[in-house]
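Okay, structure first, notes after.
Each reported figure results from applying straightforward, stated rules to the coordinates on display, with no laboratory input. In this text the structure is predicted, and so the values were computed from the model without any measurement. Methodologically, a virtual Cβ is constructed for each residue, glycine included, from the backbone with ideal geometry; neighbour enumeration extends over all protein chains shown.
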Amino acid sequence: MKKFYSITIFMFLLVVGCSSEPTLQKYFVENTENKNFIVLDVSPSVLNVDRAKLSAEQIEALDSFDKMNVLAFKLNETNKVQFEAERTKVNKILKNKKYQELMKYGSGSIGASISYVGSEEHIEEFVLFANSKEAGFAVIRVLGTDMNPNSVVTLMSVLKSSNIDMAQLKPLEEMFKK
């Protein structure tokens, strides 16, 4: 009888744990090999920051940042239908209550949104979704530990003073060259 209960509990956890609900992580994995996408994983080392010149607040913000995943779709004459379909998929994923929208911007043919996963004081992930009907779109996941809106603003100030290693970002630069 104990074995029956153990198997039942195991099956329940398996079914609950294997949600078929779309997530950005699944979306990234599904499109890793798609020729219309560029996928980058960027580590904090890309920033090339002299930690000795940072304040304690800046160091704390930098330490809360684990990595950044970038998925970009380059629009061209032959993939316009797929662009619309993929953009719709991302919008649908970001409408999930898991992703809490902080800000949205739109102007004609371009748009952007910033969302987060977690609570306001313990953010696990920030998501930037930017799209242009002329160039394509990019989804950027900033993953970290106990990030908060203040640490993200502080991290942006660190970015301004960093010496970014452009070699890691070369594929993105190439994508948006016309």
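Take the Cβ atoms of Ser119 and Ala85, set R0 to 45 Å, and the FRET efficiency comes out at 0.85.
Rounded, prolate or oblate for the range 86-161? Axes are the square roots of the Cα gyration tensor eigenvalues, ordered a ≥ b ≥ c, and the cut-off for rounded is a/c under 1.5. Mind dumping the intermediate values first?
Details: a/c = 2.34, a/b = 1.41, b/c = 1.65.
Oblate, because a/c is 1.5 or more while a/b does not exceed b/c.
Cα gyration tensor of the range 17-76, axes a ≥ b ≥ c as square roots of the eigenvalues: rounded (a/c below 1.5), prolate (a/b > b/c) or oblate? Please report the intermediate quantities before stating the final value.
Working: a/c = 4.15, a/b = 1.84, b/c = 2.26.
Oblate shape, in that a/c is at least 1.5 and b/c is the bigger or equal ratio.
Separation of the alpha carbons by more than 28 angstrom is noted, of Lys53/Lys97; Lys26/Lys80; Lys97/Lys133; Lys26/Lys160; Lys67/Lys92, for Lys53/Lys97; Lys26/Lys160. Ile114 sits among other residues whose Cβ lies under 9 Å from its own Cβ, and their net charge, with Lys and Arg +1 and Asp and Glu -1, is 0. Computed over the range 37-126, the range of Cα coordinates on each principal axis works out to 49, 28, 22 Å, biggest value leading. Between Leu102 and Ser43, the modelled labels are 2.5 nm apart [label points 7 Å from Cα along Cα→Cβ].
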